[in-house]
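Inspection log for the structure reproduced underneath, given as structure tokens.
The values are calculated or read from the model by the stated rules, or taken from the named source; none is laboratory data. Owing to the predicted nature of the structure, the values given are computational and were not obtained by experimental measurement. When we count neighbours, we look across all protein chains shown, and the Cβ atoms used for this are built from the backbone with ideal geometry, even at glycine. For accessibility, only protein heavy atoms count, side chains too; no ligands or nucleic acids. Shrake-Rupley method; radii C 1.70, N 1.55, O 1.52, S 1.80 Å.
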Amino acid sequence: MTLSTGSVLLGKNKNATKSNIALACCLIIFSAAATAAQPEAGTFKMGIEPWLGYGQWHVASQEGIFKKQGLEHVDIINFAEDKDINAALASGKIDGANIATHTAMAMVSAGLPIKVVLLLDQSETADALLVGKDITALQQLKGKQVAYEEGTTSDILLHSAIASAGMKWSDIIPVPMPADSAGSALIAKRVPAAVTYEPYISAAKKQDPSLTMLYSGSSDPGLIGDVLVVRDSVIKDKPGQVAALIKSWDAALTHYQANTQADRAVIAKAVGASPADLETAFDGVKYYSLAENKKVLSHSFADQTFVHVLKAATAAGLIPKPVTTAQVIDASFVNGL
């Protein structure tokens, strides 16, 4: 049924029923949504880091999926550390970014006008606390140095680990450093423990097979995850680009599921590793499809996961002031596609 048919219902038939009027209104809304869903011209600048959880963007680029979804150009800009990508997002140098859930909360709490529009991944064993063979229990970290990157997933995971062991933050000696350096410091025996993520976990264990995973994302399910955030101004001015990006992620994930080995090679190259080095690392990451986003983003994620992560991040001193799901999440895109 076309919109013109709806006009007949509203205009020529003076005895139109309420149901007909409602139907016509729905058609008008649908038409407006369809128009908004057309990608606007121009480049979308996306911030990214060398992390497996963002891998489907590399698949989308490799397979020409962005263009298939009508996007003129997606500029994937690589950053080495969280603080750099956060600064670029805050300054408006990029339109959107792939960041940790708690980082998105912290940014909104600090007044940055962004929204979470898509759940990307959940880390199960791809974020972890690594230790040498002399440490077999969390309690043995008392009085010892632990390397980690401040303000990142490593930070929140370490706080979770310490709390789960009934310890205080003051019981350890924090040694802040970038995630890629943390594993190296552990291998060089400069610290007895380090928190990092893939591909750095696999790289460290390859160089020193005696290293063990003492605590990981699976130890506190849902705590470590990543999201796509977009600036409010971009959501307002270029909603079609945002919708096309979300569809691109889903199409890339579908391709990945049908061509797993080939696409893992694409992702591994993008993060600076080989498929062999990351063979088990991929299994530690869960990717979210569009269908799964529809089921959880405005439901269990908003009602449960959000609350848990907010509490943990606040306890770790990473959230300046409380935020609500309405302030952080915009589920209209995934729910409308």
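So the values come out like this:
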quantity	calculated
For the range 299-327 and the range 226-240, distance of Cα centres in Å	20
Solvent exposure ordering (accessible area, 1.4 Å, most first) of Ser300, Ser289, Ser170	Ser170, Ser300, Ser289
Relative packing of 100-108, 192-200, 217-225, which averages over residues the other C-beta atoms within 10 Å, highest first	192-200, 100-108, 217-225
When the convex hull of its Cα atoms is projected in every direction, mean area for the range 30-180 (nm²)	11.8
Length added when fully stretched, Gln327-Ala315, from 0.36 nm per residue minus Cα-Cα	2.3 nm
Relative contact order %, the chain, counting alpha carbon pairs below 8 Å whose residues are six or more apart	27
In the range 102-152, trypsin sites (Lys or Arg not before Pro) in a DSSP loop with at most 12 other beta-carbon atoms within 10 Å	Lys133
Candidates Ile162, Ile85, Ile48: whichever shows maximal mean-square fluctuation once the chain is modelled as a Gaussian network with Cα springs under 10 Å	Ile162
Percentage, to the nearest whole number, of Cα pairs in the chain over 27 Å apart	48
Ratio of the Cα radius of gyration of the range 145-272 to 2.2 N^0.38 Å, where N counts its residues	1.32
Derived scalar couplings ³J(HN,Hα) [the range 303-317; Karplus, 6.51 cos²θ - 1.76 cosθ + 1.60; whole Hz; x for Gly, Pro]	7, 10, 4, 4, 4, 5, 5, 4, 5, 5, 5, 5, 5, 7, x
Within straight-line cross-link reach of Lys133, lysines at Cα separation under 22 Å, skipping those fewer than 8 residues along the same chain	Lys142, Lys144, Lys189, Lys205, Lys206
For the range 256-272, Karplus couplings with θ = phi - 60° (6.51, -1.76, 1.60), whole Hz, Gly/Pro x	4, 5, 8, 9, 4, 5, 5, 6, 5, 5, 5, 5, 4, 4, 5, 9, x
Residues of the range 268-305 with amide N under 14 Å of a point placed 7 Å along Cα→Cβ from Gln261	275-276, 279
Dipole of the range 114-236 [Lys/Arg +1, Asp/Glu -1 at C-beta], most positive-end residue of Thr152, Val175, Ser216	Val175
Cα-centre dipole for the range 166-306 with unit charges at Cβ (Lys and Arg positive, Asp and Glu negative), debye to 20	180
For the chain, size of Cβ-based charge dipole, Lys and Arg +1, Asp and Glu -1, in debye	860
